[in-house]
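Peer 1: Below is a structure I'd like to ask you about.
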């Protein structure tokens, strides 16, 4: 369970992250994926490269998702527009 100050820190970092990324112009998945994921996971104190997290994971259906962390989360990024 998160302590109140940890929850406030995460909430503040989420707001800053959302403001930063929603105001960026000319975003592309291929160019900005790595920075986006690094910053997203760092909000929660997670080193994106230090866990069993799979970038560009292929599903059994042969479709791909951008990030898969078994039992935790999967992420599919989309470029604006």
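Rule-based calculations on the coordinates, nothing more; no lab input. Every value quoted in this text rests on a predicted model; they were computed, and no experiment measured them. So basically every Cβ, Gly included, is an ideal-geometry build from the backbone, and we count neighbours across all protein chains shown.
Peer 1: Consider residue 5 carefully, then state whether it is surrounded by fewer than 14 Cβ atoms within 10 Å (Cβ to Cβ), assigned to a helix (DSSP H, G or I), over 10 Å from the mean Cα position of the chain (by Cα) and free of Cβ contacts under 8 Å to residues at least 40 places away in the same chain. Step through it out loud before you land on a result.
Peer 2: Details: surrounded by fewer than 14 Cβ atoms within 10 Å (Cβ to Cβ): yes; assigned to a helix (DSSP H, G or I): yes; over 10 Å from the mean Cα position of the chain (by Cα): yes; free of Cβ contacts under 8 Å to residues at least 40 places away in the same chain: yes.
Answer is yes for this residue.
Peer 1: Something else about it: Under the condition of being touching a helix residue (DSSP H, G or I) at 6+ places or on another chain (Cβ under 8 Å) and closer than 23 Å to residue 10 by Cβ, which residue from the stretch 56-80 is surrounded by the most Cβ atoms within 10 Å (Cβ to Cβ)?
Peer 2: Of the residues in the stretch 56-80, the ones touching a helix residue (DSSP H, G or I) at 6+ places or on another chain (Cβ under 8 Å) are 66-67, 75, 77-79.
Still in the running and closer than 23 Å to residue 10 by Cβ: 66-67, 75, 77.
On the way: 66: 17, 67: 21, 75: 17, 77: 15.
Ranking the qualifying residues of the stretch 56-80, first place goes to 67.
Peer 1: Taking into account only those residues within the stretch 21-40 that are without any contact (Cβ under 8 Å) to a residue 12 or more places away in the chain and within 21 Å of residue 67 (Cα to Cα), which is surrounded by the fewest Cβ atoms within 10 Å (Cβ to Cβ)? Talk me through it step by step, then tell me what you get.
Peer 2: Taking the stretch 21-40 and keeping what is without any contact (Cβ under 8 Å) to a residue 12 or more places away in the chain, we get 22-26, 30-32, 34-35, 38.
Subset that is within 21 Å of residue 67 (Cα to Cα): 22, 30-32, 34-35, 38.
Values: 22: 9, 30: 7, 31: 11, 32: 16, 34: 12, 35: 11, 38: 13.
Among those residues, the one meeting the criterion is 30.
Peer 1: Now, a different point. Considering only strands (runs of 3 or more DSSP E) fully contained in the stretch 15-81, which possess at least 2 residues that are over 11 Å from the mean Cα position of the chain (by Cα)? Before you say what the answer is, go through the steps one by one.
Peer 2: On the way: elements: 54-58, 64-69, 73-75.
Result: 54-58, 64-69.
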